[in-house]
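Participant: Take this structure first; my questions come after.
The values are calculated or read from the model by the stated rules, or taken from the named source; none is laboratory data. None of these values were measured; they are calculated from a predicted model. Here the Cβ is made from the backbone with ideal geometry for all residues, glycine too, and neighbour counts use every protein chain on show.
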Amino acid sequence: MERDQLADFLRRRREAMRPAEVGIADGPRRRTTGLRREEVAALAGMSVDYVVRLEQGRSSQPSVQLLGALARALRLSDDERDHLFHLAGHRPPPADGVARLARAGLIRMLDLLGDTPALVLSDLGEALAQNRAALLLMGDHTGLSGDRRYVAYRWFTDPAVRAVTPPEEQERHGRRLVADLRAAAGRRSGDSTVSGLVDRLQAASADFRRLWAEHEVAVRRADRKT
């Protein structure tokens with residue numbers, strides 16, 4: 001971990017950000033040209049004190065999850081995000097379709113949607129980024145850990161998740177989730193992340209086992225929910 005370089009990079013990226021880029025009004029009384037530390041903290045879901053310690057080179061090594069939150073808050077490009085991970089002493093996430101972080105361009109698109117709830121999902125249904133309208137509508141899904149990160153796991157193991165969907169739509173919705181997961185498993189053959197998730201779902205849910213055995217395959221490109 002290169003604390004001084006990490007501190008300098010975070011500080012300069014914060015100062016280079018325009019408030020309007022993250023939906024913050026740039027009023028006449030604003031003295032700083034970039035974001036304030038408390039604004040970065042709010043966007044990243046962490047304490048102001050920790051942001052201060054990071055920028056002063058006094059922090060412990062930040063976790064991968066925390067770095068991902070900072071990368072999203074500061075709208076870092078893929079190269080900048082990888083540099084952030086290197087400075088913090090971590091291996092950057094893969095820069096491909098199975099990345100655990102949303103690309104900067106997609107995050108900017110979320111901001112432009114304004115009052116329309118929108119989120120970016122991985123191919124396994126992990127919420128990688130949400131705009132403010134999505135946070136207000138469904139809560140923060142980007143901070144979930146373990147198997148609860150995956151929408152299919154929540155659907156088949158948590159009755160409260162199903163309860164928000166009308167009973168007449170639940171079978172169709174569950175079937176689409178399983179068909180999409182089957183497609184992902186085919187694309188990522190040999191990936192222990194996918195096979196482990198499928199194994200745990202089969203152990204946890206008879207309903208999932210029933211649908212998985214039917215071997216339906218369909219990428220979930222569009223859907224309608226009530």
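Participant: Could you check the range 195-220 and list, in sequence order, the residues that are part of a helix (DSSP H, G or I) and basic (Lys, Arg)?
Facilitator: Answer for the range 195-220, where residues must be part of a helix (DSSP H, G or I) and basic (Lys, Arg): Arg200, Arg209, Arg210.
Participant: Looking at this structure, is Asp140 touching a strand residue (DSSP E or B) at 6+ places or on another chain (Cβ under 8 Å) and either touching a residue at least 60 places away in the same chain (Cβ under 8 Å) or acidic (Asp, Glu) (or both)?
Facilitator: Yes: the conditions hold for Asp140.
Participant: How many residues does the range 110-147 contain that are exposed (fewer than 15 other Cβ atoms within 10 Å of the Cβ) and on the phi > 0 side of the Ramachandran plot?
Facilitator: 3
Participant: Here is a check on your reading of the model: is Arg175 out of contact with any strand residue (DSSP E or B) (no Cβ under 7 Å at 6 or more places or on another chain), closer than 22 Å to Arg162 by Cα and not polar (S, T, N, Q)?
Facilitator: In short, yes.
Participant: So which of Gly97, Gly143, Gly125, Gly105 is small (Gly, Ala, Ser), within 19 Å of Met17 (Cα to Cα) and either modelled with pLDDT under 85 or in a loop (DSSP other than H, G, I, E, B) (or both)?
Facilitator: None of the others qualify; the one that does is Gly105.
Participant: In the range 67-90, what residues are assigned to a helix (DSSP H, G or I), among the hydrophobic types (A, V, I, L, M, F, W, C) and under 15 Å from Arg14 (Cβ atoms)?
Facilitator: Result: Leu67, Ala69, Leu70, Ala71, Ala73, Leu84, Leu87.
Participant: I'd like the full set of residues that are under 18 Å from Glu126 (Cα atoms) and not hydrophobic (A, V, I, L, M, F, W, C), limited to the range 160-174.
Facilitator: Across the range 160-174, the qualifying residues are Arg162, His173, Gly174.
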